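So the structure is just underneath, and the comments pick up after that.
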Amino acid sequence: MYLISNEIQLNVYLFEDDSYWPVREFRGAFVATVANIDWPSSRHLTTNQQKNELINLLEKLQKLNFNAIVLQVRPAGDALYSSKLEPWSYYLTGEQGKAPSRSTIPLEFAITEAYKRNFEVHAWFNPYRARSGSNSSVGLAQNHIAHIYPQYVYKYGHDLWMDPGASVIQDHAIKVFLDVVTRYDIDGVHIDDYFLSLSVSGTDFPDSHTYSSYKQSGGNLGLTDWRRNNINTLIQHLSTRIKTIKPYVKFGISPFGIWQRGYPHGIHGFNSFTSLYADSRKWFKEGWLDYVAPQLYWQIDPPAQSYPALLDWWLDQNTHQHHVYTSNYASAVFAKHWSPNELVRQVQISRSRDSRKSFGNIHFSAKVFVGNMHGMSDVFHANVYTSPALTPEMPWLSCPNPPKPSNVKTHGYNVFWTPDTSGHVRSWAIFHFIAEVFGLVTVLPQDSTSFTATEIVSYVIVSVSRIGKQSTEESFTIRLNSSSVFG
């Protein structure tokens, strides 16, 4: 019997044409719903058209060996799921508060279809944006936050923003997050980089009356520290309460890639600590996040925002040995005329730091790969994601161990096993053993009970839990003219 423990699995590579490929790697794509960036591509599509579009998106990503989507479910105080707290999203039907037809719940449908293809689903929330484009003619539903708490929703720049300093806003946001965690079978909760709006030149964020109330109640923090503390409080509370409800649900954030100018030395650019009031380093160093996905949306070589220098700095902040999944700017192939090879090199750099918990990438956004823009899909399939991968294990999370595959039998090239009845199996992974190297052949969904091999070699099959924990393996060998072979 072959031993392929979780610890070893993180560093096992598949040997193909003198190249090694990770067996464990987070390969995510951001699926943005705001402004119909990725899905649905139009608010004027019928429900069936939107469903077919999502299936097409998932199937194309599956063929490219992705294994996770980060789906935006709350772009601006609205919902891509059935909610008693917030209205249906405008980006679904063209009218905020109008439900999609045939009682379809987009998030629920996405989860079902994603799980069929072994994708993790991380529900992506914007915590404080109330509307994208405050000058828009789009009407707000009566149960939108701007109508419920108009005194705490402000026009700032081109958008409407909620006030993080108001306790009712904080409470509402936490209820929204936890409602999704409770009612939907998601793998993770994800927050993007917008906490307070990007600074509007010459205009301070209009939260002076909320800050005055804080001071009058005995608060002693300065304005900027108070703003950061409000956001810190949200992150800390979410971290604790998500795990109270479902200890296996992952919590991650994709902050702006530069925490502060000069960190690391020589880095220049937008300062998220002072401008977005996002103390993202603190969230990671305190262990509140299971993964951080810094948005390193710059090229490798320019020193002012050096991709490898910033990645190494984020890895240095990982005091709890959690995971780093870099967010990469795939859309730059058309937005900034980058070569796809720039993104290939970035993934290679991320992989080269795997011993420091750099375990993957999340690409913004899915449409670049779905549409094969500038040949991106072709390049990645040939050079980057050439074979399937399991997502990395998070051993600090909690869920029951998956049972060992049972009653594994072969008949010719076909392999069969007993269906899972425990409810603790998320997927099945099959490895072959060639030239003393384990190679991941395929990852199959939980309801699978068979596999067709293509080579007469030794194999092992393991079950995998939703946090990446592997069962003890069962070995089998393909031998023609044999009806049943074990071990």
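Considering only DSSP beta bridges with both partners in the chain, what is the antiparallel share in %, to the nearest 5? The antiparallel fraction comes to roughly 50 percent. Amide H contacts of Asn65: none lie under 5 Å away among residues 5 or more positions distant or on a separate chain (H built 1.01 Å from N in the peptide plane; Pro and chain starts excluded). In summary, the chain shows an alpha-carbon radius of gyration equal to 1.01 times the 2.2 N^0.38 Å reference for compact globular proteins.
As a length-normalised measure over Cα pairs under 8 Å and 6 or more apart, the relative contact order of segment 41-200 settles at 24 percent. Listed values for segment 350-355 are Karplus-derived 3J(HN,Hα) couplings in whole Hz (6.51 cos²θ - 1.76 cosθ + 1.60, θ = phi - 60°), namely 4, 5, 5, 9, 4, 5, and x replaces Gly and Pro.
Can you give the local net charge around Asn229? Use residues other than it whose beta-carbon is closer than 12 angstrom to its beta-carbon, Lys and Arg +1, Asp and Glu -1. Residues near Asn229 contribute +1 overall.
One decimal place: the segment Leu223-Val168 gains 17.9 nm when fully extended, by the rule 0.36 nm per residue minus the C-alpha distance.
Placing +1 on the Cβ of every Lys and Arg and -1 on the Cβ of every Asp and Glu, with nothing else charged, gives the chain a dipole about its Cα centre of roughly 740 debye. Near Phe26, the amide H atoms lying under 5 Å from its own belong to Gly360, Asn361; only residues 5 or more places off or on other chains count, and H is placed 1.01 Å from N.
Gln62 to Trp396: FRET efficiency via 1/(1 + (r/R0)^6), r the Cβ-Cβ distance, R0 35 Å, to the nearest 0.05? That gives a FRET efficiency of 0.75. Modelled spin labels at Thr233 and Thr182, positioned 7 Å past Cα toward Cβ, are 2.2 nm from each other.
Dipole magnitude for segment 27-167: about 200 debye, using +1 per Lys or Arg Cβ and -1 per Asp or Glu Cβ, origin at the Cα centre. Tell me the trypsin sites (Lys or Arg not before Pro) within segment 339-417 that lie in a loop according to DSSP and have at most 10 other beta-carbon atoms within 10 Å. Hits after loop and neighbour filter: nothing returned.
In plain terms, the chain from Phe270 to Ile245 could stretch by 5.4 nm, reckoned as 0.36 nm per residue minus the Cα-Cα distance. Using the Kirkwood radius built from alpha carbon pairs, what does the Stokes-Einstein equation give as D for segment 421-481 at 37 °C and 0.692 mPa s, in µm² per second? Estimated via Stokes-Einstein, D reaches 268 µm²/s.
If the chain linking Ser406 and Lys116 were pulled fully straight, counting 0.36 nm for each residue of separation and taking away their Cα-Cα distance, it would gain 102.3 nm. Derived scalar couplings between HN and Hα for segment 457-470 equal 9, 7, 10, 9, 10, 10, 9, 10, 7, 6, 9, x, 6, 9 Hz in order, rounded to whole Hz, by the Karplus curve 6.51 cos²θ - 1.76 cosθ + 1.60 (θ = phi - 60°), x for Gly and Pro. Applying 1/(1 + (r/R0)^6) with R0 = 35 Å to the Cβ-Cβ distance of Met373 and Thr203 gives a FRET efficiency near 0.45.
Calculated on C-alpha atoms, the gyration radius of segment 340-407 divided by its Kirkwood radius gives an Rg/Rh of 1.09.
Given the rule -39500 (n - 2.57) for each run of at least 4 DSSP H residues, summed and divided by the residues of the chain, what is its mean residue ellipticity at 222 nm, to the nearest 500 deg cm²/dmol?
When only DSSP H runs of four or more count, the value is -8000 deg cm²/dmol.
Distant-in-sequence amide contacts of Ser427, defined by a placed amide H-H separation under 5 Å and a gap of 5 or more residues or a different chain, comprise Val464. Our summary gives the chain a relative contact order of 15 percent, counting only alpha carbon pairs under 8 angstrom and 6 or more residues apart. With the convex hull of the Cα atoms taken as the outline of segment 317-437, the averaged projected area works out to 11.3 nm². The phi-based Karplus calculation (6.51 cos²θ - 1.76 cosθ + 1.60; θ = phi - 60°) puts the 3J(HN,Hα) values of segment 197-202 at 4, 3, 4, 9, 3, x Hz, whole numbers, x for Gly and Pro.
Values quoted throughout were computed directly from the atomic coordinates according to the rules given, and no laboratory measurement underlies them. Fair warning: this is a prediction, and the values are worked out from it, not measured in the lab. With ideal geometry, Cβ positions are generated from the backbone for all residues, glycine too; neighbour counts draw on all protein chains shown.
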